[in-house]
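All of the numbers you see were taken from the coordinates with simple rules; none came from a lab. Please read all numbers here as calculations on a predicted model, not as lab measurements. Don't worry about glycine lacking a Cβ; one is built from the backbone with ideal geometry, like all the others, and counts go over all protein chains shown.
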There are 2 protein chains.
Amino acid sequence: MPAGGRYVYGLRYSTNMSLTRTRARRATINDVADAAGLSRGTVSRVMNGEKYVSDEAKQAVEEAIARVGYVRNNAARNLVTQESRAIGLIIHEPHSLLFEDPNIGSILLGANEVLSKADYQLVSLIIDSDRDSRRVADYLRGGLVDGAVIISARASDPIAAAIADIGLPAAFVGHPEGTPALPYAAIDNVEAARNITGRLLQTGRKQVGMIASALDRDSGKDRLAGFQAAMGSRFDPNLVVEYPLYTYAAGLEGMQELLRRAPHLDGVFAASDAVAAGAMTALQEAGRRVPEDVGVVGFDDSSWALRCRPQLSTVRQPADLLGSTAAELVLAQLQGLPGTPRVLETTIIWRGSA
Amino acid sequence: MPAGGRYVYGLRYSTNMSLTRTRARRATINDVADAAGLSRGTVSRVMNGEKYVSDEAKQAVEEAIARVGYVRNNAARNLVTQESRAIGLIIHEPHSLLFEDPNIGSILLGANEVLSKADYQLVSLIIDSDRDSRRVADYLRGGLVDGAVIISARASDPIAAAIADIGLPAAFVGHPEGTPALPYAAIDNVEAARNITGRLLQTGRKQVGMIASALDRDSGKDRLAGFQAAMGSRFDPNLVVEYPLYTYAAGLEGMQELLRRAPHLDGVFAASDAVAAGAMTALQEAGRRVPEDVGVVGFDDSSWALRCRPQLSTVRQPADLLGSTAAELVLAQLQGLPGTPRVLETTIIWRGSA
DNA sequence: ACATCATCTGGGAACGTTCCCAGAGTACGA
DNA sequence: TCGTACTCTGGGAACGTTCCCAGATGATGT
């Protein structure tokens with residue numbers, strides 16, 4: 001053991017900034033103990049801030065740690081403590097939509113904030129192929145995370161089943177049916193959609209359509225159900241168009257199609273703000289005035305809403321709170337508490353588009 | 001050891017869907033060995049698909065694995081193999097911008113694709129506070145990842161210094177100056193900005209301004225430098241407004257400010273597409289026609305570009321390629337090869353906004 | 001003077017893998 | 001028949017921690 005040496009990955013710089021790595025032995029807790037003239041146990045106690053360490057010992061260890069460049073090996077630590085202090089967040093989103101949906105970022109940050117405070121590391125795992133799906137399942141099973149938050153799950157998502165199978169503490173954001181009995185943080189999409197559609201009808205609209213999206217997800221399906229409920233006998237299936245994703249493009253095309261089917265349409269409920277933004281563009285290009293000729297309402301109150309002209313009337317869904325609540329549900333389970341599903345409040349934000 | 005039992009985390013369901021966890025002992029490789037009537041070594045060989053395992057043994061092991069519900073403990077595996085087959089991707093982005101910037105999603109997916117093919121797990125770590133910064137540094141140091149990709153780094157980012165310090169194979173997306181000598185995948189922002197500004201000038205504009213953003217980042221600074229280079233003697237510092245972030249809001253306000261300073265302005269280079277979209281809204285609200293009265297160009301060719309009316313003339317930057325290239329640079333280093341910095345091509349996409 | 005208690009330290013054992021070596025069995029050619 | 005090579009299996013050792021117990025030391029109370 002090279003005395004006084006610095007055990008780190010060796011870096012060998014070659015010409016103009018490229019570099020190759022020569023892996024040297026990393027310092028272990030024993031190297032620190034030797035350097036400090038103390039035992040492994042004492043070093044461990046210092047590292048973990050336990051009591052019953054003399055001031056001299058503490059100082060000697062800290063100095064030795066700095067001298068040999070010691071960093072704790074978490075794999076070894078996880079192995080013996082049987083925990084990782086990390087929580088996985090699984091993002092299973094179609095390619096094109098990933099991160100165009102501002103909700104995902106908010107959910108992530110909300111979850112991160114809660115976990116950060118509890119001194120857990122959030123690790124995000126994205127699933128973009130079947131291969132990913134398997135690898136992520138292995139990762140989750142392998143003891144590298146103590147729990148998981150699952151967002152944008154499809155009904156019958158295999159990864160959710162895998163998680164339930166191994167009994168990893170977990171929580172959903174949203175509440176896809178057909179998924180295992182795991183706690184979730186969600187909003188009541190049916191109720192919210194019913195409310196905003198009702199509000200739109202109160203402005204005196206006679207012929208109201210909907211651009212529905214993502215019917216393979218609970219949110220998409222429920223928003224359509226809420227719309228139908230609000231319309232009651234006035235519901236006309238011919239005035240509903242369906243698209244696979246919550247996108248601007250869906251709104252654009254969807255609105256054009258609706259205008260083709262019903263030129264005198266005077267109200268539209270778009271399944272998300274992005275969809276609503278696309279719809280407004282289509283309306284304006286077709287020479288319709290918003291809100292005079294056609295009232296438009298959306299869903300999410302994402303950054304899209306303020307970008308529209310006029311600004312969008314929409315349902316505010318607390319995306320950050322969904323993330324933080326789901327994280328709390330996981331933490332609760334980690335402490336042996338029950339994870340009770342939670343339904344968060346939505347509110348209608350009425351602006352100029354209807 | 002409960003014979004024939006299934007060693008998994010126990011789940012105890014209580015009333016109405018809430019559940020508590022009772023952690024039971026997980027099956028180990030020894031349990032599998034016992035159940036199969038074989039040895040640890042043989043089970044390990046089957047798990048890792050090594051040769052020199054008889055068909056009977058293989059079958060017996062696979063059956064035993066299923067019977068006892070065995071999943072490999074990755075912490076133990078990482079400990080002995082000294083690798084994790086995971087690559088960290090560090091996202092250090094201001095709260096409000098996270099994931100409103102479509103580039104980040106593309107970079108992530110690009111990196112994920114490359115790593116997935118090489119059978120590495122991508123784990124994204126987001127930094128949203130100083131506390132996060134420390135925790136992420138610990139995570140990276142702790143042996144839980146074999147390498148790292150750093151995106152949206154600031155000049156003098158502490159996390160980058162930490163990575164270089166421990167010698168973890170890493171690569172930047174972008175090339176902030178003042179950061180350690182790590183390889184990077186980047187575009188030439190100066191050149192690209194110079195080109196599109198030049199192209200804008202060719203349309204006969206006399207008075208051209210710029211809405212600059214994110215001057216604390218290499219991309220923001222370089223785009224301004226390129227603008228100035230293209231303008232040459234016509235450069236007027238009074239026609240440059242500066243905002244901290246690449247946002248729609250910056251474009252909106254920036255354009256209003258520019259119009260105040262120079263009502264006869266007939267061209268604008270916005271530092272990103274989101275900024276350009278905001279600028280176009282401001283112009284249209286001020287009664288200016290685009291492109292007749294004012295030509296607008298952006299940067300990124302993100303989904304914003306197609307959303308604008310008219311669609312945006314912009315610089316296409318291959319965000320997915322940036323991600324995948326950075327990932328490749330990390331993989332190369334993992335194989336002992338040098339990680340040579342790479343500068344990717346940009347192209348001008350000319351649409352209707354100028 | 002002695003028992004008791006708190007403080008501090010050392011080091012064996014365990015966590016669950018993979019690696020590697022030794023050894024048994026079989027096949028084949030000289 | 002024997003040597004050699006290949007196939008297959010078992011199990012000791014090691015990876016780098018934390019946990020826990022035993023023991024030393026010093027302070028305190030009776």
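Find how much the distance from A:ASN48 to A:SER129 grows on full extension, using 0.36 nm per residue of separation minus their present alpha carbon separation; answer in nm with one decimal.
The span from A:ASN48 to A:SER129 would gain 25.2 nm if fully extended.
Using the Kirkwood radius over Cα pairs, work out the Stokes-Einstein diffusion coefficient for the range B:154-249 at 4 °C and 1.567 mPa s, in µm²/s as a whole number. It would help to have the intermediate numbers written out before the result.
Working: Rh = 14.9 Å.
In µm²/s, the coefficient rounds to 87.
With label points defined 7 Å past Cα in the direction of Cβ, position A:GLU177 shows copy-to-copy spacings of 6.0 nm, given to one decimal and shortest first.
Panel order for A:VAL46, A:VAL71, by other beta carbons found within 10 Å of each beta carbon, from fewest to most: A:VAL71, A:VAL46. Here the label points at B:ARG260 and B:ALA118, each 7 Å from Cα along the C-beta direction, are separated by 5.0 nm in the simple model. With its label point put 7 Å out from Cα toward Cβ, A:ASN30 sits 2.1 nm from the same residue's point in the other copies, in order from shortest. Neighbour counts of other Cβ atoms within 10 Å put A:HIS175, B:HIS264 in the fewest-to-most order B:HIS264, A:HIS175.
In this assembly of identical copies, the label point of B:GLU285 (Cα plus 7 Å along Cα-to-Cβ) is separated from its counterparts by 2.3 nm, sorted shortest first. Remark: the range A:309-321, residue by residue, has Karplus-estimated 3J(HN,Hα) of 10, x, 5, 7, 7, 7, 9, 7, 10, x, 4, 5, 5 Hz, where x stands for each Gly or Pro and the curve is 6.51 cos²θ - 1.76 cosθ + 1.60 at θ = phi - 60°.
Take every DSSP beta bridge whose two residues both sit in chain A; close to 20 percent of them are antiparallel.
Remind me, relative contact order of chain A in percent, using alpha carbon pairs under 8 angstrom and six or more residues apart?
15 percent
Partner shielding of A:76-84 amounts to 5, given as the average count of beta-carbon atoms from other chains within 10 Å of each residue beta-carbon.
Taking amide H positions as modeled 1.01 Å from N, with prolines and chain starts lacking one, no residue 5 or more places away or on another chain lies under 5 Å from A:ARG26.
Taking each residue of B:103-111 in turn, how many C-beta atoms of other protein chains fall within 10 Å of its C-beta, and what is the average? Display every interim value, and only then the final one.
Details: counts 1, 3, 12, 4, 1, 6, 7, 0, 1.
Mean partner shielding for this stretch: 4.
Computed over the protein assembly as shown, the per-residue total of -39500 (n - 2.57) for DSSP H runs of n ≥ 4 gives a 222 nm mean residue ellipticity of -13000 deg cm²/dmol, rounded to 500.
With a 10 Å cut-off around each Cβ of B:328-341, the average count of Cβ atoms from other chains is 3. For the range B:177-227 and the range B:278-344, what is the separation of their Cα centres, given in Å? A separation of 11 Å, based on Cα centres. Comparing B:VAL240, A:GLY147, A:THR247 along the charge dipole axis of the protein assembly as shown, the residue lying farthest to the positive side is A:GLY147, per the Cβ-charge model. Less than 5 angstrom separates the built amide H of A:ILE348 from those of A:ARG316, all sequence-distant by 5 or more or on a different chain.
In terms of the Cα gyration tensor, with a ≥ b ≥ c the square roots of its eigenvalues, is the range A:189-316 rounded because a/c is under 1.5, prolate because a/b exceeds b/c, or oblate? Each step should come with its number before you reach the end.
On the way: a/c = 1.25, a/b = 1.10, b/c = 1.14.
Judged from the Cα gyration tensor, the range A:189-316 comes out rounded (a/c under 1.5).
Considering only the Cα atoms of the protein assembly as shown, their convex hull presents on average a projected area of 35.7 nm². Comparing mean-square fluctuations of B:SER129, B:SER44, B:SER219 from a GNM of chain B with C-alpha springs under 10 Å, the top value falls on B:SER44. Mean sequence separation of contacting Cα pairs (under 8 Å, at least six apart), scaled by the length of the range A:72-224, corresponds to a relative contact order of 21 percent. Mean separation of Cα pairs under 8 Å and 6 or more residues apart, divided by the residue count, gives the range A:189-316 a relative contact order of 25 percent. 3J(HN,Hα) along the range A:239-248, derived from phi through the Karplus expression 6.51 cos²θ - 1.76 cosθ + 1.60 where θ = phi - 60°, amounts to 9, 10, 10, 10, 9, x, 10, 6, 10, 4 Hz, with x in place of Gly and Pro.
Computed from the Cα positions only, the extents of chain B along the three principal axes stand at 86, 54, 37 Å, in decreasing order.
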